[in-house]
Structures are given as structure tokens and as C-alpha cells.
Amino acid sequence: MIDTINGATSSAIIYSLAETAKANDLKSFDYFEYLLREIPKHVEDKKTDFLTELLPWSKSLPEHIGKPRQQ
């Protein structure tokens, strides 16, 4: 996948999303799984407003995506 410019760009985007998810105390796998379930629901949408709710720092993400808080 990273043998081409487009592949390298795609890898960089995925890596950036994964690291941003970790920085926001999310479980990366669960976060990606959630994105892959939610984004297809908006394929027909003309607007991209829904993406704000999917960002790693969004307060509207499901609780199970977050890492348990250390005490």
C-alpha cells in the first residue's frame, strides 16, 4: 500500500487518526470500528457536518470507545 504516493498519503492519514485517537484516550481499534460503521450511514449526505461528531475529541462518541480512567 505504501509503494505509491497515494498509498503513503493514505498510510499517513490512518496513522495520524490512530495517534490522535490515542492522544484523546480512545481505544484505536474500537474507534476505527466505530468510524467504519458510522461513515457509510452518511454516504448520501450532501453536507459533511456529521464528521464533527466523529472526531476523536468529540463528546458525542460512545463511552465504550474510551480507555478506562486510571485512578
> Considering the range 4-71, what Rg and Dmax in Å follow from its alpha-carbon atoms?
Replying inline: 13.3, 45
> Helix-derived [θ] at 222 nm for the chain: sum -39500 (n - 2.57) over DSSP H runs of at least 4, divide by residue count, nearest 500?
Replying inline: -14000 deg cm²/dmol
> Given 0.36 nm per residue, what is the gain on full extension from Asn24 to Ser58 after removing their alpha carbon distance, in nm?
Replying inline: 11.3 nm
> Lys pairs in the chain, Cα-Cα under 24 Å, at least 8 apart or on separate chains: how many?
Replying inline: 9
>> Quick check: at a probe of 1.4 Å, how many percent of the accessible area of the chain sits on carbon and sulfur atoms?
In response: 57
> Under a 1.4 Å probe, what is the accessible area of the chain per residue, stated in Å²?
Replying inline: 82
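The values are calculated or read from the model by the stated rules, or taken from the named source; none is laboratory data. This one's a predicted model, so the numbers in the text were calculated from it and none came from an experiment. Accessible surface areas use protein heavy atoms only, side chains included; no ligands, DNA or RNA. Shrake-Rupley method; radii C 1.70, N 1.55, O 1.52, S 1.80 Å.
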